[in-house]
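First the structure, in the form of structure tokens, and then the observations on it.
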There are 2 protein chains.
Amino acid sequence: MAVRDPAMTDVARLAGVSHQTVSRVLNGHPNVREQTRLRVQAAIAELGYRPNRAARALVTGRSQVIGVVAQNTTLYGPASLLAALEQTAAESGFAVSVGSVRDLDHRSISAVVERHLAHRVAGIVVIAPVESAGEALERLPKDVPLVTVDGDPHRPMPLVTVDQAAGARAATQHLLDAGHRTVWHVSGPSDWFDSAGRIEGWREALTSAGAEIPPLVPADWSAAAGYRCGQMLARMPDVTAVFTANDHLALGVLRALHEHGRRVPDDISVVGFDDVPEAAYFIPPLTTVRPDFGAVARASLEMLLTQIESVSGGALRETIAPTLVARRSVAPPPRR
Amino acid sequence: MAVRDPAMTDVARLAGVSHQTVSRVLNGHPNVREQTRLRVQAAIAELGYRPNRAARALVTGRSQVIGVVAQNTTLYGPASLLAALEQTAAESGFAVSVGSVRDLDHRSISAVVERHLAHRVAGIVVIAPVESAGEALERLPKDVPLVTVDGDPHRPMPLVTVDQAAGARAATQHLLDAGHRTVWHVSGPSDWFDSAGRIEGWREALTSAGAEIPPLVPADWSAAAGYRCGQMLARMPDVTAVFTANDHLALGVLRALHEHGRRVPDDISVVGFDDVPEAAYFIPPLTTVRPDFGAVARASLEMLLTQIESVSGGALRETIAPTLVARRSVAPPPRR
DNA sequence: AGACCGGGTGTGACCGCTAACAGGAGGCCC
DNA sequence: GGGCCTCCTGTTAGCGGTCACACCCGGTCT
């Protein structure tokens with residue numbers, strides 16, 4: 001019914017050249033006479049010709065697609081990263097195919113990676129913030145370019161990561177600088193490297209300041225968990241400063257403190273992590289740590305592209321430093 | 001260096017059959033002897049054979065990929081929709097390729113669609129909530145399956161949409177039922193259909209209740225805008241009920257009201273839209289309207305698949321009703 | 001017994017592109 | 001003027017699948 005899409009030969013016929021010349025024009029090959037190039041381009045425009053990437057992928061063995069393996073792309077962090085990745089990839093002429101994964105276990109990850117490999121993607125970016133992902137990754141074919149984001153720092157794979165520890169250190173130090181004797185930490189899920197890094201940074205800052213290290217308050221990433229932890233924290237009169245592993249956790253904490261009549265920042269100071277766009281509108285505006293997702297995306301892609309283009313070279317590890325964003329949720333501790 | 005990936009012929013040779021038989025096994029063709037099927041499957045497993053989708057796409061003319069055109073996938077709504085879409089597509093054996101667009105103008109959209117067409121995607125889902133997108137879409141090749149989500153209700157294209165008006169009506173009615181004389185509305189950007197639908201629903205509810213219709217308070221989707229509008233609203237003693245076009249707007253309003261000493265819900269009631277996961281932890285917990293992104297994704301995909309599989313049939317329009325989630329940000333108006 | 005049928009399998013063409021090579025035209029050298 | 005190098009262009013062979021078709025074989029029908 002529908003007429004066949006025009007192919008290279010159709011363009012070639014119309015321009016009075018061979019299909020190979022059309023191919024050369026399309027790929028920017030140098031040795032084409034200017035006049036010929038123009039004729040070909042005219043023919044392309046006239047026919048509305050659109051190169052068939054599938055055919056190209058077949059013969060070259062690689063499609064111009066980057067496969068992403070991610071989990072819960074609804075969360076602000078992953079979503080931002082994904083968007084930045086897509087943006088950056090597009091600039092280099094790559095499309096992005098997402099493969100979300102419910103659980104980051106071995107089976108699920110392998111399944112998604114398999115799907116990407118079946119499409120002969122040019123490379124894979126794994127946003128694999130948990131332990132179990134690493135195991136899955138080791139078993140993967142070695143010949144496909146791969147970059148992990150926020151993955152296991154102790155595994156020998158190309159890795160781009162936000163410097164969680166540095167961010168946490170900055171947050172903790174900021175609180176310490178305000179005069180607090182110590183800082184409590186509501187952490188993310190224990191199997192995420194992000195959590196581990198933030199915990200580590202928090203501990204380091206306390207240790208090097210000679211401050212006492214309070215027990216860790218474990219949570220997940222949700223405001224609900226933050227609320228629960230906040231209720232507990234609110235009942236402890238000693239607590240004057242809290243650093244939460246992300247902004248939503250902080251939101252929950254803020255609400256719990258509010259309900260218990262503990263004022264922020266007058267009675268208790270709070271610092272979050274992520275700088276979600278609405279953090280500036282919490283009550284009070286939240287001091288937080290902002291990771292640069294754009295930089296992470298650029299670094300990942302660059303790392304992937306060097307792997308794709310050549311066999312060797314390129315850094316295998318890149319760390320992006322986040323910045324502290326000071327707002328009104330931090331103040332000196334109350335005097336007693 | 002790296003050995004060529006095994007192809008169908010390799011499997012065929014090992015299993016002692018022809019490549020065509022391997023193909024039949026792979027595609028679940030009925031007429032294959034059980035014993036042969038097993039031999040082939042064993043060979044596939046032994047070689048770690050993985051069908052090449054690019055080759056398949058080339059010969060069939062369509063790849064098993066669905067292209068998505070979206071904007072700002074960082075926002076909660078689009079991100080959730082995208083995730084749900086990906087999930088649903090995977091269940092039907094489709095991969096999802098995202099194409100984000102900075103602006104939803106004609107050129108940007110066409111560019112992304114072109115990219116998808118070059119990959120010979122099986123279908124396209126356009127999350128195109130603004131006017132200018134519709135224009136771009138009309139100029140598209142007619143022979144590629146396409147579904148728009150939250151698009152222009154007045155354009156004759158397959159459309160799946162959240163029933164914005166119904167949600168807004170429910171929100172407004174809920175406020176009216178609590179005893180408020182009227183309800184103010186802080187709306188989303190004027191070029192989004194989502195905004196238009198919510199405004200419409202809000203107006204309808206007021207009209208049919210015989211309530212006065214206050215002037216519209218226009219904003220965008222951000223907490224920052226909500227804050228600005230909230231400051232204005234806070235100064236108007238008559239305002240007792242506000243319905244905002246999304247939860248982040250509500251967050252900004254909440255904060256502004258708080259700063260002006262106007263209590264929620266005692267002095268003013270607020271209702272949002274989206275039910276972001278953290279809405280339950282706003283101060284106070286936010287009453288809001290929850291769209292069912294999963295249902296939208298399922299409907300879109302189903303609509304797309306019927307177009308892909310056959311020429312005719314299937315609904316061209318599907319509307320998903322959202323539900324009101326009552327929390328603590330609504331109360332009767334203060335008595336004076 | 002021969003025609004017919006249908007399940008199971010193989011053969012060859014082709015999808016649209018790129019890579020490798022072949023070759024013609026023109027300029028420059030000796 | 002022949003050899004040679006440089007530009008430009010065409011020819012041919014696949015890449016790894018699917019599709020249309022031919023074929024073989026045993027059973028059933030006439």
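Filtering the range B:37-61 to residues that are more than 10 Å from chain A (Cβ to nearest Cβ) and of a type outside the set (S, T, N, Q) leaves B:Arg37, B:Leu38, B:Arg39, B:Val40, B:Ala42, B:Ala43, B:Ile44, B:Ala45, B:Glu46, B:Leu47, B:Tyr49.
If you go through the range B:190-222 one residue at a time, how many are open to solvent by less than 20 Å² (accessible area, probe 1.4 Å) and either among the aromatic types (Phe, Trp, Tyr) or within 14 Å of B:Gln164 (Cβ to Cβ) (or both)? Residues that pass the stated criteria total 7. Applying the selection to the range B:72-92, what residues are more than 7 Å from chain A (Cβ to nearest Cβ) and either within 16 Å of DNA strand C (Cβ to nearest atom) or among the charged types (D, E, K, R) (or both)? If the condition is that a residue be more than 7 Å from chain A (Cβ to nearest Cβ) and either within 16 Å of DNA strand C (Cβ to nearest atom) or among the charged types (D, E, K, R) (or both), then B:Glu91 is the only one that fits. For the range B:298-321, the count of residues that are without any contact (Cβ under 8 Å) to a residue 40 or more places away in the chain and either within 14 Å of B:Ser80 (Cβ to Cβ) or in contact with a strand residue (DSSP E or B) (Cβ under 8 Å, 6 or more places away or on another chain) (or both) is zero. Screening A:Ser310 against (1) closer than 23 Å to A:Ser187 by Cβ; (2) surrounded by fewer than 22 Cβ atoms within 10 Å (Cβ to Cβ); (3) of a type in the set (Ser, Thr, Tyr) leaves a single unmet condition, (1). Applying the condition of being open to solvent by less than 10 Å² (accessible area, probe 1.4 Å) and among the hydrophobic types (A, V, I, L, M, F, W, C) to the range A:260-283 and asking which residue is farthest from A:Asp247 (Cα to Cα) yields A:Ile268. Take the residues in the range A:1-15 that are within 14 Å of chain B (Cβ to nearest Cβ) and within 12 Å of DNA strand D (Cβ to nearest atom), then tell me which one is farthest from B:Lys142 (Cα to Cα). Looking at the filtered set, the residue picked out is A:Met8. Just one residue in the set A:Val125, A:Val121 is outside the structural domain of A:Arg262 (by TED's automatic domain parsing), closer than 26 Å to A:Ser300 by Cα, of a type outside the set (Phe, Trp, Tyr) and in a strand (DSSP E or B); that residue is A:Val125.
Looking only at the range A:168-185, residues that are of a type in the set (Gly, Ala, Ser) and under 27 Å from the mean Cα position of the chain (by Cα) come to 3 in all. Taken over the range B:166-189, the criterion of being in a helix (DSSP H, G or I), open to solvent by less than 10 Å² (accessible area, probe 1.4 Å) and in contact with an Asp or Glu (Cβ under 9 Å, 6 or more places away or on another chain) is satisfied by B:Ala168, B:Thr172. Would you confirm, using the coordinates I've provided, whether B:Glu46 is of a type in the set (Asp, Glu) and not assigned by TED's automatic domain parsing to the domain that holds B:Leu304? Yes; evaluated as a whole, the condition is true for this residue. Taking (1) out of contact with any Cys (no Cβ under 7 Å at 6 or more places or on another chain); (2) buried (at least 21 other Cβ atoms within 10 Å of the Cβ) in turn, B:Leu305 satisfies each apart from (2). The single condition among (1) surrounded by fewer than 23 Cβ atoms within 10 Å (Cβ to Cβ); (2) assigned by TED's automatic domain parsing to the domain that holds B:Glu302 that B:Val149 does not meet is (1).
What is the residue count in the range A:2-34 for residues that are within 11 Å of DNA strand C (Cβ to nearest atom) and within 28 Å of B:Val144 (Cβ to Cβ)? Please lay out each step first, then the result.
Filtering the range A:2-34 down to residues within 11 Å of DNA strand C (Cβ to nearest atom) leaves A:3-12, A:18-29, A:31, A:33.
Keeping just the survivors that are within 28 Å of B:Val144 (Cβ to Cβ) gives A:3-12, A:19, A:22-23, A:25-28.
The total comes to 17.
The one condition from (1) among the acidic types (Asp, Glu); (2) more than 10 Å from DNA strand D (Cβ to nearest atom); (3) over 30 Å from B:Pro78 (Cα atoms) that A:Glu34 does not meet is (2). Restricted to strands (runs of 3 or more DSSP E) entirely inside the range B:223-336, those with at least 3 residues that are under 30 Å from B:Lys142 (Cα atoms) and away from every other protein chain (no Cβ under 12 Å) are B:317-320.
Okay, residues lined up against (1) over 25 Å from A:Val126 (Cβ atoms); (2) surrounded by fewer than 23 Cβ atoms within 10 Å (Cβ to Cβ); (3) modelled with pLDDT under 95; (4) acidic (Asp, Glu):
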| position | (1), (2), (3), (4) |
| --- | --- |
| A:Arg235 | yes, yes, no, no |
| A:Leu251 | yes, no, no, no |
| A:Pro285 | yes, yes, no, no |
| A:Val296 | no, no, no, no |
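Looking across A:Val69, A:Val65, A:Val40, one residue alone is more than 9 Å from DNA strand C (Cβ to nearest atom), open to solvent by less than 80 Å² (accessible area, probe 1.4 Å) and free of Cβ contacts under 8 Å to residues at least 40 places away in the same chain. It is A:Val40. Looking at B:Ala55, B:Ala45, B:Ala95, just one residue is over 20 Å from A:Gly99 (Cα atoms), open to solvent by less than 40 Å² (accessible area, probe 1.4 Å) and within 16 Å of DNA strand D (Cβ to nearest atom), and that residue is B:Ala55. The residues on offer are B:Ser23, B:Ser18, and the sole one that is within 25 Å of A:Ala54 (Cα to Cα), crowded, with 16+ Cβ neighbours inside 10 Å and near DNA strand D (Cβ under 9 Å from one of its atoms) is B:Ser23.
The values are calculated or read from the model by the stated rules, or taken from the named source; none is laboratory data. Because the structure is a prediction, the values reported are computed rather than measured. Please note: Cβ atoms are built from the backbone with ideal geometry, for glycine as well, and neighbour counts cover all protein chains shown. Side chains included, ligands, DNA and RNA excluded: accessible areas come from the protein's heavy atoms. Shrake-Rupley method; radii C 1.70, N 1.55, O 1.52, S 1.80 Å.
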